[in-house]
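The values are calculated or read from the model by the stated rules, or taken from the named source; none is laboratory data. Predicted model only: the values in this text are computed from it and were never measured. Here the Cβ positions follow ideal geometry from the backbone for every residue, glycine too, while neighbour counts run over all protein chains shown.
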Amino acid sequence: MTKAMLGIIGGSGIYDLPGLQSVREERIESPWGEPSAALRIGDIDGLPIVFLTRHDKGHRLSPSDINYRANIDVMKRAGVTDLISLSACGSFKEELPPGTFVLVDQFVDRTFNRDSSFFGTGCVAHVSMAHPVSPRLRIRLAEAAASEGIQAARDGTYVCMEGPQFSTLAESLTYKGLGYSVIGMTNFTEAKLAREAEICYATVAMVTDFDCWHPDHDAVTVSDIIRVLTENAEKGAQLVAQLAREFPREHEPCPIGSDRALDTAIITSPEARDPALLKKLDAVAGRVLNA
């Protein structure tokens, strides 16, 4: 069996991972360009952990400027089998107030200004995104949250907007009316790329605000969000530590096939494939391309 390696992507307010032991920084080159930051590689309770801060230290990168392909590619090259994203988000539901964690099970994509696939002209692939989150990861996160006394909703739909501006009132009311749970600017892009890279993926959406639909909180400001970020970051570190303590040391096959997503996805015939693109896909798709 494959040894499990847990990847953690830290969003707004999470620029390091407290509790990570025997830490070393490593810069892994990617044919997709420069990742957000160097990887911090270590372990928690003996489980290998790879941490990447999504926006870089000091929050240098906006959601639209992040090189998502490079980030997921270097996670794959580092050996990550299971990937958890910790992300700030806005809530559309009274029962999901600031401080609540939402273990997202579905996504809606409203982005338009970023690369969200490793594949394209010269090698076309269509992976299934019907179930974008690995269910075993979500269950383990729920169990870890319960053990730590962290309030966490076990499911919810995350609408991924482009940003960096916050929603208009009309947009916020529309998404609330459609029954979505939370809104953010990063996670579905990561989920798509993780699926193409055959990495099991799950999101912990950490609520910081009520977006702008709420009559008592009718505008989202950075200062309001920052007040909640610190508390959420501390709980996020607790959650990861507990998850690591109970996480299986051997990678569990994904029941929805996240870790075998490319088995039936590549449609371009071998003779029509672009060698330059294939070279870039060595880590992401090497398992099937070299078979």
Of the numbered conditions (1) in contact with a helix residue (DSSP H, G or I) (Cβ under 8 Å, 6 or more places away or on another chain); (2) surrounded by fewer than 20 Cβ atoms within 10 Å (Cβ to Cβ); (3) under 29 Å from Q165 (Cα atoms); (4) of a type in the set (G, A, S), S87 satisfies every one except a single condition; which is it? (2)
List pairs: first in the range 231-242 and of a type in the set (G, A, S), second at pLDDT 95 or above and part of a helix (DSSP H, G or I), Cβ under 8 Å, 6+ apart or cross-chain? none
Across the range 44-53, the tally of residues that are in contact (Cβ under 8 Å) with a residue 60 or more places away in the chain and out of contact with any Asp or Glu (no Cβ under 7 Å at 6 or more places or on another chain) stands at 4
Identify the residue in the range 220-277 that is assigned to a helix (DSSP H, G or I) and touching a Cys at 6+ places or on another chain (Cβ under 8 Å) and, among all such residues, is nearest to L169 (Cα to Cα). S258
Quickly run through the range 39-74 and pick out the residues that are over 14 Å from the mean Cα position of the chain (by Cα), buried (at least 16 other Cβ atoms within 10 Å of the Cβ) and among the small types (G, A, S). G42
Out of the range 181-217, which residues are of a type in the set (S, T, N, Q) and outside any helix (DSSP H, G or I)? S181, T186, T203, T208
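For every residue, the table says whether it meets (1) under 19 Å from G7 (Cβ atoms); (2) of a type in the set (D, E, K, R).
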| site | (1), (2) |
| --- | --- |
| F107 | yes, no |
| R136 | yes, yes |
| D155 | no, yes |
| F166 | no, no |
| Y180 | no, no |
